[in-house]
Amino acid sequence: MQEVKDRAKQLLADGTVNRVVGWKAGEFSYDITPAVFTSAEEIDKDFIYNDFCAPNLSKYLIKESRKEGKLLVFLKPCDTYSFNQLLKEHRILRENVYVIGVPCTGKVDIDTVRAMGFQGITGMESDGENVTVHTLYGDKTVLKADTLGDKCKTCKSKKHVVYDELIGEDGEVNTDGARFELVEKLEKMTADERFEFWRGELSKCIRCNACRNVCPACSCENCVFDNPASGIQQRAAVNSFEENMFHLIRSFHVAGRCTDCGECTRVCPQNIPLHLINRKYIKDINEFYGDFQAGEDTETRAPLNAYTFDDCEPGIVYSRGGNE
Amino acid sequence: MMFRLPVNRLDDLFAAVSAVNSLYLPVDGNDGRASYKKWVEGTKLSSKLNTVRSAKDFFFPQTTNLCDFNVKDKEIEVIDIRADSEDFVVFGVRACDARSFTILDKVFLADPIDSYYATKREHGTIVTLACTRPEENCFCNVFGIDMTSPEGDAACWLTDEYLYINANTGKGTAFIDSIKALLEECSDEDVKAQQTTVKEIAGKLPFAGVSTDYFKKNTLLDIFNSEKWEKLSESCLACGTCTFVCPTCQCYDIKDFNTGHGIKRYRTWDSCMYADFTKMAAANSRNTQMQRFRQRFMHKLVYFPDNNNGEFGCVGCGRCLSRCPISMNIIKVIKAFEEE
């Protein structure tokens with residue numbers, strides 16, 4: 001997108017910012033790396049914004065916004081929720097960040113494309129509707145909708161909730177509730193089936209910490225899993241059941257703060273649908289306390305951090321029924 | 001000597017091997033990704049090029065219980081839990097992963113020999129499978145590996161009609177002898193034809209021409225002190241994905257697990273990407289992510305070759321390329337230096 005690049009160069013040239021946090025092109029179209037650009041030359045050479053730029057750049061701003069001078073960051077609609085949530089938690093210095101909202105129609109996910117049977121993918125092009133996949137063994141065009149990652153298939157919002165300026169038209173919040181469909185399916189299972197499902201998924205965990213480290217809600221200076229005194233320090237344990245605990249503790253810690261950006265599932269090397277744990281909490285919070293979207297603004301007190309007389313009683317956990 | 005078996009009798013082969021030893025082979029999961037699974041009746045060999053995790057798991061698992069302690073007042077009893085390992089066969093290992101064992105051997109079988117690893121190596125037979133449809137991420141040829149002629153105890157080639165098998169070692173010969181009733185001796189014509197076709201594809205892979213000369217020509221300190229590391233590592237998330245899916249990453253930590261009535265001492269994969277990696281009593285030797293990131297690539301491209309007659313500590317399997325959350329990897333590192 002030339003407009004995005006041009007605007008980045010303008011803001012660098014007029015001194016509004018001294019660096020740009022964006023996406024850098026890789027060897028193939030899909031291997032995008034978040035990067036900091038400091039010159040027009042670098043932007044011309046490597047900056048890219050297209051249907052493959054899935055990484056959420058918000059978390060990098062915890063560190064970047066504490067460096068010298070103002071920076072420019074490009075945020076997709078879903079990334080702006082993470083940004084807002086981090087502002088609310090006082091983790092990003094807002095005055096050091098110039099936010100440009102960029103439009104997004106969903107990002108192509110390389111693992112989804114591979115799962116469609118493509119091998120040796122040397123490049124992909126998207127025109128917004130269709131994706132042409134170039135491989136060592138021939139080319140083929142498929143519908144872009146079929147190539148989206150989990151986080152985009154059930155996109156929660158195409159609306160930017162925070163920005164200094166926008167490129168393109170802003171979109172709408174998605175209210176169809178489709179993102180909770182899989183959660184509902186899990187809720188309908190018996191407790192044993194559900195336990196089996198999660199044991200099957202979580203036993204694949206290699207404890208690489210990619211989910212935690214990419215998560216904008218995981219911004220502790222020193223995680224309990226990095227603390228030698230905790231007894232559960234970040235390595236795989238001799239008892240594989242501990243992997244379950246890692247994910248449950250982590251998900252509880254981000255409950256009410258998770259914006260459902262979906263990065264955890266996107267980066268998981270073992271393809272564990274981690275976002276479903278968080279979505280379950282989001283669904284529960286919506287049902288117990290009324291609809292709440294973390295990161296929608298920076299003022300509303302989160303249901304789990306606030307007390308009102310209308311709050312549900314803890315006993316609801318026992319009385320609401322469900323499948324024992 | 002080349003032997004073959006019709007592909008429709010693969011199940012008979014697997015059943016025959018399983019009747020004697022545990023047999024592990026790549027199997028497709030319901031998400032379409034392959035992982036090693038124990039063969040039971042009905043198990044199908046994966047059609048994927050490779051598994052998400054490497055075959056190092058069989059010899060250097062993610063966690064290994066080293067010994068147990070019973071603690072009673074001031075008495076500590078050390079319990080040696082090492083049992084005689086059973087013989088096992090790993091089938092379908094690719095050429096890249098097969099080479100990784102040569103690298104791991106140089107670490108674990110050098111004095112002092114790692115008895116846990118050595119026992120598994122002794123009991124394991126590796127049956128490799130030549131590649132026919134390499135992925136864009138493959139670059140084993142950069143490290144002199146021939147994907148059409150894999151190492152391992154015995155090597156296999158799969159065509160539409162036959163599975164061809166040839167022994168590389170004494171263990172491989174014994175393996176073939178154990179299943180000889182199913183095999184027929186044959187010429188290597190079909191294998192040679194497949195090798196020619198695949199080599200042509202291999203030669204056209206995007207990374208076929210990547211050079212590692214920079215790391216041979218420049219000194220350790222010049223590479224170590226390069227300004228490039230800062231930029232290359234800037235968005236590293238400090239997760240351990242690259243190290244855990246890597247077939248040659250071999251670092252581990254030893255920890256004690258308090259079971260409540262004793263201690264389990266175990267080793268677990270460690271990652272140089274982690275902040276407390278090789279942390280010592282006084283301090284940490286690497287304080288920034290740049291230093292940790294640099295360590296991983298210095299180890300593979302400089303330290304390991306310096307200590308092993310120039311052999312690089314990478315086999316070009318491409319796992320770090322496909323799994324790094326931010327798509328930073330050894331190819332991008334090598335290319336950044338080669339640009340000079």
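See the values below:
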{"read-out": "Condition broken by A:R279, with the remaining ones in (1) without any contact (Cβ under 8 Å) to a residue 24 or more places away in the chain; (2) crowded, with 21+ Cβ neighbours inside 10 Å; (3) of a type in the set (D, E, K, R) satisfied", "value": "(1)"}
{"read-out": "Test: residue in segment A:154-170 that is assigned to a helix (DSSP H, G or I) and in contact (Cβ under 8 Å) with a residue 60 or more places away in the chain", "value": "no"}
{"read-out": "Enumeration of residues in segment A:119-138 that are surrounded by fewer than 13 Cβ atoms within 10 Å (Cβ to Cβ) and part of a strand (DSSP E or B)", "value": "A:G138"}
{"read-out": "Count - residues of segment A:98-118 that are within 14 Å of chain B (Cβ to nearest Cβ), in a loop (DSSP other than H, G, I, E, B) and under 20 Å from the mean Cα position of the chain (by Cα)", "value": "2"}
{"read-out": "Close pairs (6 angstrom Cβ cut-off, 6 or more residues apart or separate chains): at pLDDT 95 or above in segment A:7-21, surrounded by fewer than 19 Cβ atoms within 10 Å (Cβ to Cβ) and of a type in the set (S, T, N, Q) anywhere", "value": "A:R19/A:T38"}
{"read-out": "Any helices (runs of 4 or more DSSP H) falling wholly within segment A:1-84 and containing at least 3 residues that are touching an Asp or Glu at 6+ places or on another chain (Cβ under 9 Å) and over 23 Å from B:L321 (Cβ atoms)", "value": "A:2-13"}
{"read-out": "Failed condition for A:E41, given (1) surrounded by fewer than 21 Cβ atoms within 10 Å (Cβ to Cβ); (2) acidic (D, E); (3) closer than 22 Å to A:V254 by Cα", "value": "(3)"}
{"read-out": "Helices (runs of 4 or more DSSP H) lying entirely in segment A:190-282 (those with 2 or more residues that are under 21 Å from the mean Cα position of the chain (by Cα) and at pLDDT below 95)", "value": "A:191-202, A:242-254"}
{"read-out": "Residue under evaluation B:H261, criteria (1) under 27 Å from B:K216 (Cβ atoms); (2) in a loop (DSSP other than H, G, I, E, B); (3) more than 11 Å from chain A (Cβ to nearest Cβ), criterion not met", "value": "(1)"}
{"read-out": "Segment B:132-147 residues that are under 11 Å from B:K199 (Cα atoms), paired with ones that are buried (at least 21 other Cβ atoms within 10 Å of the Cβ) and aromatic (F, W, Y) (beta carbon under 9 Å, 6 or more apart)", "value": "B:T132/B:W157"}
{"read-out": "Among (1) part of a loop (DSSP other than H, G, I, E, B); (2) of a type outside the set (F, W, Y); (3) within 13 Å of another protein chain (Cβ to nearest Cβ); (4) surrounded by fewer than 16 Cβ atoms within 10 Å (Cβ to Cβ) - the single one B:S85 does not satisfy", "value": "(3)"}
{"read-out": "Neighbours by Cβ (under 6 Å, 6+ apart or cross-chain): first from segment B:250-265, aromatic (F, W, Y); second part of a strand (DSSP E or B) and crowded, with 18+ Cβ neighbours inside 10 Å", "value": "B:Y252/B:R267; B:Y252/B:W269; B:F257/B:K264"}
{"read-out": "Any hit, segment B:308-324, residues being farther than 22 Å from B:C138 by Cα and surrounded by fewer than 17 Cβ atoms within 10 Å (Cβ to Cβ)", "value": "yes"}
{"read-out": "Hits in segment A:195-206 - residues which are over 13 Å from A:L274 (Cα atoms) and surrounded by 15 or more Cβ atoms within 10 Å (Cβ to Cβ)", "value": "A:I206"}
{"read-out": "Qualifying residue in segment B:34-44 (condition: in contact (Cβ under 8 Å) with a residue 60 or more places away in the chain, at negative phi and more than 20 Å from the chain's Cα centre (by Cα))", "value": "no"}
{"read-out": "Qualifying residue in segment A:59-68 (condition: touching a residue at least 60 places away in the same chain (Cβ under 8 Å), over 18 Å from A:Y163 (Cβ atoms) and not aliphatic (A, V, I, L, M))", "value": "no"}
{"read-out": "Count of segment A:162-214 residues which are more than 14 Å from chain B (Cβ to nearest Cβ) and of a type in the set (K, R)", "value": "5"}
{"read-out": "Failed item in (1) away from chain B (no Cβ under 14 Å); (2) touching a Phe, Trp or Tyr at 6+ places or on another chain (Cβ under 7 Å), with A:E95 passing the rest", "value": "(2)"}
{"read-out": "Of all residues making up segment B:243-258, the number that are of a type outside the set (D, E, K, R), facing chain A (nearest Cβ under 10 Å) and closer than 22 Å to B:C320 by Cα", "value": "4"}
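The values are calculated or read from the model by the stated rules, or taken from the named source; none is laboratory data. Worth saying up front: this structure is predicted, and the values here are computed from it rather than measured. All Cβ positions, even for glycine, are placed from backbone atoms using ideal geometry, and neighbour counts span all protein chains on display.
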